[in-house]
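Novice: Handing you this structure, nothing more for now.
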Amino acid sequence: MDAGVAAILGAVIGAVGGVGGGLLTLSTQLRSLDAQHRAEERRWLADLRRETYTGFVTCAKQLSNAVWKASDLLHGESGAEDWQSARRSVHDAWTEFSAASAAVTMAGPHPVAAAAEDLREALRQWELVTGS
């Protein structure tokens, strides 16, 4: 084989190897970036859900407290003005709780959203029973 042909053949083989190695490196980096993106997305969703669920539980506790207070006033010796104030507090707590419940429904997953709806219905029934 002629030295010129061998040099050209060596250059072609080197170029093909370099391009192949570059493509392999690029493919590996793209897979790594995709995996990192998926991990960040899962972390973001977990953070969003944690914040949403915490808000939901907080609103449920506020609603429960408002219903108890209104029930105590209704069945106690308080006047109509106190009762009306307590009833407004229950209404405001229901407004916040409903918004938090909707946020849980959107954040999901479905079993959690269904459990939130069950709690919402239980609190509604409890409010009706206590006469608040």
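Novice: Of (1) in a loop (DSSP other than H, G, I, E, B); (2) open to solvent by less than 100 Å² (accessible area, probe 1.4 Å), Glu77 satisfies all except one. Which?
Specialist: In the conditions (1) in a loop (DSSP other than H, G, I, E, B); (2) open to solvent by less than 100 Å² (accessible area, probe 1.4 Å), Glu77 misses (2) alone.
Novice: Let me ask you something else. Looking only at the range 82-132, which residues are surrounded by fewer than 12 Cβ atoms within 10 Å (Cβ to Cβ) and in contact with a Leu (Cβ under 7 Å, 6 or more places away or on another chain)?
Specialist: Gly131, the sole residue that qualifies.
Novice: Which numbered condition trips up Ala70, out of (1) under 12 Å from Glu127 (Cβ atoms); (2) at pLDDT 95 or above; (3) among the small types (Gly, Ala, Ser)?
Specialist: Answer for Ala70: the failing condition is (2).
Novice: Of the residues Arg88, Arg124, which single one is in contact with a helix residue (DSSP H, G or I) (Cβ under 9 Å, 6 or more places away or on another chain), charged (D, E, K, R) and either more than 20 Å from Leu48 (Cα to Cα) or assigned to a helix (DSSP H, G or I) (or both)?
Specialist: Details: Arg88 fails: in contact with a helix residue (DSSP H, G or I) (Cβ under 9 Å, 6 or more places away or on another chain).
Arg124 is the lone residue from the list that is in contact with a helix residue (DSSP H, G or I) (Cβ under 9 Å, 6 or more places away or on another chain), charged (D, E, K, R) and either more than 20 Å from Leu48 (Cα to Cα) or assigned to a helix (DSSP H, G or I) (or both).
Novice: Checking the structure you have, find out if any residue of the range 44-64 is free of Cβ contacts under 8 Å to residues at least 60 places away in the same chain, open to solvent by less than 80 Å² (accessible area, probe 1.4 Å) and over 30 Å from Thr95 (Cβ atoms).
Specialist: no
Novice: So Lys69 passes all but one of these: (1) buried (at least 16 other Cβ atoms within 10 Å of the Cβ); (2) under 14 Å from the mean Cα position of the chain (by Cα); (3) among the basic types (Lys, Arg). Which condition number does it fail?
Specialist: It is condition (2) that Lys69 fails.
Novice: Over 17 Å from the mean Cα position of the chain (by Cα) and not hydrophobic (A, V, I, L, M, F, W, C): does that describe Asp82?
Specialist: yes
Novice: Which pairs have Cβ atoms under 7 Å, sit 6 or more apart or on different chains, and link a residue in the range 78-106 that is farther than 11 Å from Ala66 by Cβ and without any contact (Cβ under 8 Å) to a residue 40 or more places away in the chain to one that is part of a helix (DSSP H, G or I) and open to solvent by less than 30 Å² (accessible area, probe 1.4 Å)?
Specialist: Listed pairs, sorted by first residue: Thr105/Ala113; Thr105/Ala116.
The values are calculated or read from the model by the stated rules, or taken from the named source; none is laboratory data. Predicted model, so just to flag it, every value in this text is computed and none were measured. Note: ideal-geometry Cβ built from the backbone for every residue, glycine included; neighbour counts use all protein chains shown. Note: areas computed on protein heavy atoms with side chains; ligands, DNA, RNA excluded. Shrake-Rupley method; radii C 1.70, N 1.55, O 1.52, S 1.80 Å.
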